[in-house]
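**Q** Sharing a structure here in C-alpha cells format.
The values are calculated or read from the model by the stated rules, or taken from the named source; none is laboratory data. Small disclaimer: the values here were computed from a predicted structure and weren't measured. Cβ: placed from backbone, ideal geometry, glycine included. Neighbour counts: every protein chain shown. Side chains included, ligands, DNA and RNA excluded: accessible areas come from the protein's heavy atoms. Shrake-Rupley method; radii C 1.70, N 1.55, O 1.52, S 1.80 Å.
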Amino acid sequence: AVALIILVQGAGVSQTVPNPNGSRRSVSRDFIAQGAANVAAGFFRGLPVGGSLSTTALTVISGAGTRWAAIFAGLWMALIVIVFPGLVSYVAMPALGVLLILASVSTIKPSEARSIWHTGWPSRLAIISTFISTLFLPIQAAVGFGVVLSALLYMNQSSTDVSVVELVKRPDGLLEEHKAPKQLPSNEVTVLDIYGHLFYAGARTMERLLPKPQDSQNPAVILRLRGRSTVGATLIEVLANYAEKLKAVNGRLYLTGISEVAYDQLVRTGKLRLTGPVRAYEATAIRGQSTQEAVADARTWLVSQSADGSSDEASTSQK
C-alpha cells in the first residue's frame, strides 16, 4: 500500500507540475528514481520516500529551477533540526498543515476539471468517485479504489469500442468501408476489418458482430488482424468457434496481417487447424499484401468448389 501511494503521488506531481526547462515528462524515469531513492534510504533505516506535493509546491513558489533545490532543501532541513530541535517542534505541524493546504489549492485547476467533465460519463464517474473516496476513506483505500475503478472503466470501454466493417473494392481500385452484413453471402469472399481492442470482453463483442454463417453455402471470410502484436486466449477461442461454424456450411476462414508472435501463439494453442478450414497469412512490409493473397486463394477455392459441384450435377444427370 505504501509503495502504491508513493507511485501514485509521484505520478500526480509529475503530471501537475511541468519541468522547468520544458522537457517532456517521463513517468518511467520518475518511478526508477523513486525506487533508487527508497533502496538507498533502506540502507540507512530511512523512511519511504516519494514525490511530495507540498515540497514541490514550496519549491515552485520559491522560484527553484534545478534539481539542486531538493538537495539544498534537505541539507538546510538537517541543519535546522540539529541546531534548533525545540523550535522545530513548535512549527513543524502548523507549517506542514499550511503546506498541505497550499499544495491542495494549487493542484485544483477548474479548467482541467471542466475538460474532464465534458469528456464523457466515464471520466465524470472517475473524477467524482476518486474525489469522494479521498475525502472519506483512508489514503491507501482511496488509492486502491481509484486503481480498481480505472481498470473497470478501461475494460468497459475496451469491450464497447469494437466495430466490424466490410471492405469492398471499388472500380477505381480504392477500398470502401461498408457496414458488416448480418448474414454471410453464399459462394462469395467477404473481407472484414476489425477496429478496437480484442482482449477479454472485446473479443466477445467481436463475436457478436461477425456475420452469421448459418444458411450459407461455401462462404469465404477474410479477417484482417494487422496491428495485433499478440492474440489472447479469448480471441483464439472466438476464432476457433467461428471457424467451426464456417466448416459446418463448407466455408473457410482466412486470417491476414498476422504478426510473427501472434502466428506462433496460434500454432502453439492448437485450437485452430491452420491446414484445414483456417488459413493464416503473416503480415509483410507491404500493407494489404497478405489480404490480397488471401483473396486470390479464396477465389481459387470457390472456383474449385463450383467445378466440383458442376461435376457432381453432370454425373447425376448421366445416371
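**Q** If you roll a 1.4 angstrom probe over the protein chains with everything in place, what fraction of the accessible area of the range 124-216 belongs to carbon and sulfur, to the nearest %?
**A** Carbon and sulfur atoms account for 63 percent of the accessible area of the range 124-216.
**Q** If you fit an axis through the alpha-carbon atoms of helix 53-62 and take the longest principal axis of the Cα set of the chain, what angle between them do you get, 0 to 90°, nearest 10?
**A** The answer is roughly 60 degrees.
**Q** Where is the GNM fluctuation largest for the chain (alpha-carbon springs, 10 angstrom cutoff): PHE199, PHE84, PHE131?
**A** Checking each option, the largest mean-square fluctuation is seen for PHE84.
**Q** Just to check I understand the Karplus step: with θ = phi - 60° and J = 6.51 cos²θ - 1.76 cosθ + 1.60, what whole-Hz values come out for the range 39-51, glycine and proline as x?
**A** My calculation for the range 39-51 gives 5, 5, 5, x, 5, 10, 6, x, 6, x, 10, x, x Hz in order.
**Q** Lys/Arg Cβ at +1, Asp/Glu Cβ at -1, dipole of the chain taken about the Cα centre: which of GLY276, LEU75, ALA113 is farthest positive-ward?
**A** The one lying farthest along the dipole's positive direction is LEU75.
**Q** Work out from phi, with θ = phi - 60° and the Karplus expression 6.51 cos²θ - 1.76 cosθ + 1.60, the ³J(HN,Hα) of each residue of the range 183-193, listed in order in whole Hz, and give x for Gly and Pro.
**A** Working through the residues one at a time gives 10, 6, x, 7, 6, 9, 9, 10, 9, 10, 10 Hz.
**Q** Per-residue ellipticity at 222 nm for the chain, helices alone: DSSP H runs ≥ 4 residues times -39500 (n - 2.57), over residue total, nearest 500 deg cm²/dmol?
**A** -20000 deg cm²/dmol
**Q** Moving on. If one puts a single equal scatterer on every Cα of the chain and applies the Debye formula without solvent, what log₁₀ I(q)/I(0) results at q = 0.09, 0.12, 0.15, 0.16 Å⁻¹?
**A** Each listed q corresponds, in turn, to -0.71, -0.94, -1.19, -1.29.
**Q** Name the shape class, rounded, prolate or oblate, that the alpha-carbon gyration tensor gives for the range 170-301, where a ≥ b ≥ c are the square roots of its eigenvalues, rounded holds for a/c under 1.5, and otherwise prolate holds if a/b is larger than b/c and oblate otherwise.
**A** Cα axes put the range 170-301 in the rounded bin.
**Q** As a test question: what accessible area, to the nearest 10 Å², does HIS118 have when a 1.4 Å probe is rolled over all protein chains in place?
**A** So the heavy atoms of HIS118 present about 140 Å² to solvent.
**Q** Pick out which of ASP172, ASP215, ASP297 has the largest mean-square fluctuation in a Gaussian network model of the chain, springs linking Cα atoms closer than 10 Å.
**A** Evaluated over the chain, the most mobile residue of the options is ASP172.
**Q** Cα-based Rg of the range 156-216 per 2.2 N^0.38 Å, rounded to two decimals?
**A** 1.24
**Q** Using 7 Å Cα-to-Cβ label points, what is the ASN250/ALA95 separation (nm, one decimal)?
**A** Between ASN250 and ALA95, the label points sit 8.7 nm apart.
**Q** Amide H to amide H, which residues 5 or more places from ALA280 or on other chains are under 5 Å from it, using H placed in the peptide plane?
**A** Close amide H contacts, sequence-distant or interchain: LEU255.
**Q** Let me ask you something else. Can you give the angle from 0 to 90° between the axis of helix 289-318 and the longest principal axis of the chain, with both taken from C-alpha atoms, to the nearest 10?
**A** With both axes taken from Cα atoms, the answer is about 30 degrees.
**Q** If I take R0 = 45 Å and measure r between the Cβ atoms of PHE72 and ALA285 in this structure, what FRET efficiency does the formula 1/(1 + (r/R0)^6) give, to the nearest 0.05?
**A** So, using R0 = 45 Å, E works out to roughly 0.25.
**Q** Okay, moving on. Relative contact order of the chain: what whole-number percent is it, with Cα pairs under 8 angstrom and at least 6 residues apart?
**A** Here the relative contact order equals 10 percent.
**Q** Now for a separate question. Per residue, what accessible area does the range 198-244 have, given a 1.4 Å probe and all protein chains present, in Å²?
**A** 42
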